[in-house]
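The values are calculated or read from the model by the stated rules, or taken from the named source; none is laboratory data. As the structure is a prediction and not an experimental result, all values here were calculated from the model. All Cβ positions, even for glycine, are placed from backbone atoms using ideal geometry, and neighbour counts span all protein chains on display. These accessible areas exclude ligands, DNA and RNA; they are computed on the full protein's heavy atoms, side chains included. Shrake-Rupley method; radii C 1.70, N 1.55, O 1.52, S 1.80 Å.
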Amino acid sequence: VIFNAEGTKVISGSLDKTIKVWDIEKKMLLLNISNEAAAINDLDIVPDSDLILAVGLDSTMKVFDTLTGELYQSIPGHKSGVKCVQIFETSYE
């Protein structure tokens, strides 16, 4: 479970192969994103965007838009399921 930077939404990933975006104040489900390929093991928010990076048992990392639910990109490369993900903000001068 993660919160957006504004603290207005909570996003959860599940073994039922879904990502859910909730409005905290209204206590309502805003979006139900289906990841038909595999259960969601972990997710993180891409800084300064409405994108999340989700990982699961299908050996890929997937980028989803939390406003539309659309799959933005699927990134293969692992030989087995991916257990966790964390995005670090970095600034270069």
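Within segment 36-61, track down each residue that is of a type outside the set (Gly, Ala, Ser) and assigned to a strand (DSSP E or B).
Within segment 36-61, Ile40, Asn41, Asp42, Leu43, Asp44, Ile45, Leu51, Ile52, Leu53, Val55, Met61 meet the criteria.
Does Val21 qualify as being modelled with pLDDT under 95 and either β-branched (Val, Ile, Thr) or surrounded by 13 or more Cβ atoms within 10 Å (Cβ to Cβ) (or both)?
no
Given the conditions (1) surrounded by 15 or more Cβ atoms within 10 Å (Cβ to Cβ); (2) farther than 18 Å from Val82 by Cα, and given that Asn32 satisfies all but one, which numbered condition is not satisfied?
It is condition (1) that Asn32 fails.
So which residues in segment 63-84 are open to solvent by 50 Å² or more (accessible area, probe 1.4 Å), assigned to a loop (DSSP other than H, G, I, E, B) and either of a type in the set (A, V, I, L, M, F, W, C) or in contact with a Lys or Arg (Cβ under 9 Å, 6 or more places away or on another chain) (or both)?
Within segment 63-84, Leu67, Cys84 qualify.
Could you identify the single residue in Ile87, Ile33 that is part of a loop (DSSP other than H, G, I, E, B), β-branched (Val, Ile, Thr) and touching an Asp or Glu at 6+ places or on another chain (Cβ under 9 Å)?
Ile87
Counting just the residues of segment 49-62 that are of a type outside the set (A, V, I, L, M, F, W, C) and within 14 Å of the chain's Cα centre (by Cα), which one comes out least open to solvent (accessible area, probe 1.4 Å)?
By that ranking, first place goes to Gly56.
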